[in-house]
1. Give me the percent relative contact order of region 5-231, please, defined on Cα pairs under 8 angstrom at least 6 residues apart.
2. May I ask you to order 125-136, 87-98 by the average number of other C-beta atoms within 10 Å around their residues, highest value first?
3. Provide the percentage of antiparallel DSSP beta bridges, counting only those with both residues in region 5-231; round to the nearest 5.
4. Tell me which residues come under 5 Å, amide H to amide H, from residue 219 once H is placed; ignore anything under 5 positions away on its chain.
5. I want to check a number: in region 12-82, how many lysine pairs have alpha carbons closer than 18 Å, given a sequence separation of 8 or more or different chains?
6. What whole-number distance in Å separates the alpha-carbon centres of region 88-109 and region 1-77?
7. Mind checking which of 17, 85, 144 has the largest fluctuation in a GNM of the chain, springs on alpha carbons under 10 Å?
8. The chain: D in µm²/s via Stokes-Einstein (Kirkwood Rh, Cα pairs, 20 °C, 1.002 mPa s)?
Amino acid sequence: MKIERLSLGCKSLDDLLGGGLEYGVITNFYGEAGSGKSNLALIATKNVVAAGKKVIFIDTEGSYSIERINQISKAPEKVNSNTTLLEPMNFNEQHKMILELSKKISKEIGLVVLDSLVALYRIAMGPDTFEDTNRKLAAQLLELSKIARENKIPVLVTTQVYSDFNGTTGDVVLVSKDIAKYWSKCLVKLEKGPKNLRKAQLTRHRSRPEGLETNFFIVETGVESRESEHDRLF
C-alpha cells in the first residue's frame with residue numbers, strides 16, 4: 001500500500017522523509033532558533049494550498065509571516081485566504097483551541113500546523129503547575145494525533161530545544177522531552193550551518209532508518225537542495 005505524503009518541494013528533504021510529510025501522523029521539526037522550523041511550516045502551508053486544500057495554522061509566537069508568504073508563494077493572497085490562523089495568547093488558550101479543533105476540520109483541510117508546540121508551554125511551566133501543564137500537553141498531542149489519523153492528513157508541529165549539559169553527549173533536548181517524542185511518529189532535528197545552510201537529521205521515523213541526514217538551504221523563494229562538495233559543511 002502506497003503511503004501518501006506531502007512534498008516540501010525540496011529534493012533533499014523529501015528524499016530524507018521518503019517523499020515528504022506522511023499523512024495520518026504528527027511530524028515534529030525541532031531545533032534551535034533560526035534552524036528553519038517556521039520556514040518549513042510556511043512552505044508546507046503554501047504547498048497544501050497550491051494543491052487545492054486549506055490549512056489550519058496555530059501560531060503561538062508570531063511566526064506566520066505575511067512577508068515570508070509573499071516571498072515563497074506566487075499567489076500569496078490565495079495562501080492567506082485559505083489558511084485559518086489561530087493565535088492563542090497563553091497555554092490555556094492553546095489547550096482549548098486544540099481540544100476544540102476537530103470542529104474546524106472538514107474535507108477541505110489538508111494540513112494542521114502548530115508552530116510552536118511548546119512556546120506557551122514553557123511560560124506556563126512551574127513547580128506548582130508541572131503535572132497539570134504536562135497533562136494538558138499530552139492531551140493536546142493526543143487530539144492532534146487523532147485528527148491526523150481520522151482525517152488522513154499530515155500534522156506538522158515545531159518544538160524548541162535546550163542544551164543537555166548534564167547528559168552524556170551534551171546534545172540538544174526537546175522541550176517537553178518524552179511527551180513530544182511519544183506522540184511524534186516522525187522527528188526531524190534541524191541545525192544551523194554557515195549562512196543559509198541547514199542540516200536535517202531523521203531521529204525517528206516509522207519506515208526510514210534513524211540517523212539519516214541531509215543538507216538544505218533557506219533561500220528567498222523557500223528551501224532548496226544543492227549537491228556539491230562545497231555544501232557539505234557539517
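1. RCO, region 5-231: 30 percent.
2. Highest-to-lowest ranking by the protection proxy: 87-98, 125-136.
3. Roughly 45 percent of the beta bridges in region 5-231 run antiparallel, per DSSP.
4. Residues meeting the amide H criterion: 224.
5. 8
6. Distance between centres, Cα-based: 19 Å.
7. Result for the chain, Cα springs under 10 Å: 85 fluctuates most.
8. 120 µm²/s
Read the figures in this text as sums done on the coordinates, not as results from a lab. Everything numeric in this text was worked out from a predicted model, so none of it was measured. When we count neighbours, we look across all protein chains shown, and the Cβ atoms used for this are built from the backbone with ideal geometry, even at glycine.
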